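Visitor: The structure is given below, and queries will be raised subsequently.
The values are calculated or read from the model by the stated rules, or taken from the named source; none is laboratory data. All of these numbers come straight from a predicted model, not from anything done at the bench. Cβ placement follows ideal geometry from the backbone for every residue including glycine, while neighbour counts extend to all protein chains displayed.
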Amino acid sequence: MIKRTLRHGARTLRIAFRALARNKMRSFLTGLGIIIGVGAVISMVSIGEGAKRGIEDRFASMGTNLLFVRPGSSAQRGVHGGWGSMTTLKEEDAWAIQEQCPAVMYVSPSVSARAQTIYGNKNWNTSIAGTGDRYPEVRAWDVEYGTYFDESMVKSAAKVAVLGADVKENLFEDEDPIGKIIRVKKIPFKVLGVLKKRGESGGFGSRDDQICIPYTTAMRRLQGIDYIQSIDVRAVSAAQMEEAQAQIEELLRIRHRIAPGAEDDFNVGNMSEIAESAAESTKMMTVLLGSIAGISLLVGGIGIMNIMLVSVTERIREIGLRMAVGARERDILLQFLTEAVVLSLMGGLIGIAFGVGASKLIKNIQMFSSFKTVVSIESVVLAFGFAAAIGIFFGFYPARKASRLDPIEALRYE
């Protein structure tokens with residue numbers, strides 16, 4: 001029984017391949033919709049997965065025990081400025097957190113800006129990060145060579161700088177920058193060191209495109225402000241993140257004289273919350289990209305149905321002859337359904353190769369060099385399974401129509 005079933009299945013496949021081979025170009029063009037659809041799904045999902053992986057790697061490199069203290073949202077006449085629009089954080093708040101919160105290990109006040117940086121006849125527009133002397137420990141970011149500025153330089157608002165790898169490359173190329181003078185907003189800064197290269201951040205720009213200077217220097221000489229824009233905090237351990245966050249919130253409410261039940265004029269976020277939010281956003285983006293690409297698979301399925309209906313019309317006499325010599329309805333149904341599925345699966349296999357190749361090509365194209373693509377087994381299986389399902393779904397109606405033909409009327413068909 002099993003052998004007979006296998007022989008029957010093999011014979012059905014041979015007939016299906018023979019029928020498709022009669023019109024090679026038509027079969028290829030019909031399968032092209034599936035090829036493009038499967039390839040698009042795999043490549044789009046790989047872009048979304050790559051963005052997600054890039055963000056996860058970025059957060060992992062910073063550590064899971066990192067917290068950020070930001071000013072609250074200002075409101076005037078019902079118009080809210082959003083987080084960070086208040087100017088309530090002072091540098092004294094940062095040192096109070098360091099001294100009075102046992103679950104906190106390191107603190108680095110932060111003031112940011114953007115400015116044109118000049119060295120000799122070269123210039124580069126980059127991000128200026130005003131930080132504390134503990135910034136490398138807080139962000140787990142080591143200095144590759146040279147040194148970072150110390151506490152005395154921060155207190156004296158010294159004009160010193162530590163370069164990101166991209167800035168060093170664009171301003172100095174192969175020249176040693178240590179001890180050289182660069183100008184930021186026409187103010188001279190002495191280069192003390194260069195940070196280790198961190199690379200791209202999953203399509204969100206390079207983390208190495210920045211210059212670190214003492215936050216006091218950024219406040220007084222670049223920005224002309226008397227407040228800090230944020231505080232970066234590293235907890236003692238990941239297990240003490242919630243404890244550190246609670247201690248910071250309690251301390252700042254007391255320092256800022258916030259009444260019980262009143263809204264905080266600051267916000268404390270931890271790395272795990274930010275990482276989860278970013279991961280959720282990229283997951284939605286992946287689903288959206290995959291869904292858009294999946295539409296082309298549906299279009300390919302409609303193409304299969306159309307061609308199979310044409311094939312049924314062309315082969316009515318053949319169907320009538322087979323029925324006349326003993327073929328049953330289910331044999332005819334299986335025959336045409338097999339042709340539709342074979343066409344879909346062949347397109348799916350070629351589409352997988354196309355999608356994987358497109359993903360690798362996107363990663364190697366210069367203009368998309370910041371994108372990271374990751375081809376997952378799940379996306380390949382999903383796309384291939386969807387292609388098979390489309391073959392069955394859109395091939396069933398033409399196959400059923402063929403099996404329901406009246407043998408006598410089919411033999412009379414001209």
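Visitor: Here is a list: V160, V111, V191, V154. Which entry is within 34 Å of the chain's Cα centre (by Cα) and β-branched (V, I, T)?
Guide: On the way: V160 fails: within 34 Å of the chain's Cα centre (by Cα); V191 fails: within 34 Å of the chain's Cα centre (by Cα); V154 fails: within 34 Å of the chain's Cα centre (by Cα).
The match here is V111.
Visitor: Given the criterion of a type outside the set (S, T, N, Q), exposed (fewer than 14 other Cβ atoms within 10 Å of the Cβ) and modelled with pLDDT of 70 or more, identify the matching residue among R11, R22, R7. Break it down into steps so the answer makes sense when it comes.
Guide: On the way: R11 fails: modelled with pLDDT of 70 or more; R7 fails: modelled with pLDDT of 70 or more.
Just a single option satisfies the conditions, and that option is R22.
Visitor: From the list A113, A157, which one is at pLDDT below 95, touching a Pro at 6+ places or on another chain (Cβ under 9 Å) and under 24 Å from P71 (Cβ atoms)? Show your work before the answer.
Guide: Values: A113 fails: touching a Pro at 6+ places or on another chain (Cβ under 9 Å).
Every option except A157 fails the conditions.
Visitor: Moving on to the next point. List the residue pairs whose Cβ atoms are under 7 Å apart, where the first residue sits in region 209-226 and is under 23 Å from D142 (Cβ atoms) and not assigned by TED's automatic domain parsing to the domain that holds F172, the second is at pLDDT 95 or above and assigned to a helix (DSSP H, G or I), and the two are 6 or more positions apart or on different chains.
Guide: Short answer, once both residue conditions are applied: none.
Visitor: Additional query: Pick out the one residue from G81, G37, G48 that is touching a helix residue (DSSP H, G or I) at 6+ places or on another chain (Cβ under 9 Å) and either at pLDDT below 80 or among the aromatic types (F, W, Y) (or both). Spell out how you get there, then give the answer.
Guide: On the way: G81 fails: touching a helix residue (DSSP H, G or I) at 6+ places or on another chain (Cβ under 9 Å); G37 fails: either at pLDDT below 80 or among the aromatic types (F, W, Y) (or both).
Unique residue meeting the criteria: G48.
Visitor: Looking only at region 251-266, which residues are closer than 16 Å to P71 by Cβ and free of Cβ contacts under 8 Å to residues at least 24 places away in the same chain? Before you say what the answer is, go through the steps one by one.
Guide: Applying the first criterion (closer than 16 Å to P71 by Cβ) to region 251-266 yields 251-253, 255-258, 262-266.
Answer for region 251-266, where residues must be closer than 16 Å to P71 by Cβ and free of Cβ contacts under 8 Å to residues at least 24 places away in the same chain: R253, R257, I258, A262.
Visitor: Could we say that R234 is modelled with pLDDT under 95, assigned to a strand (DSSP E or B) and touching a strand residue (DSSP E or B) at 6+ places or on another chain (Cβ under 8 Å) here? Quick ask: steps written out before the conclusion?
Guide: Values: modelled with pLDDT under 95: yes; assigned to a strand (DSSP E or B): yes; touching a strand residue (DSSP E or B) at 6+ places or on another chain (Cβ under 8 Å): yes.
For R234, the condition - modelled with pLDDT under 95, assigned to a strand (DSSP E or B) and touching a strand residue (DSSP E or B) at 6+ places or on another chain (Cβ under 8 Å) - is met.
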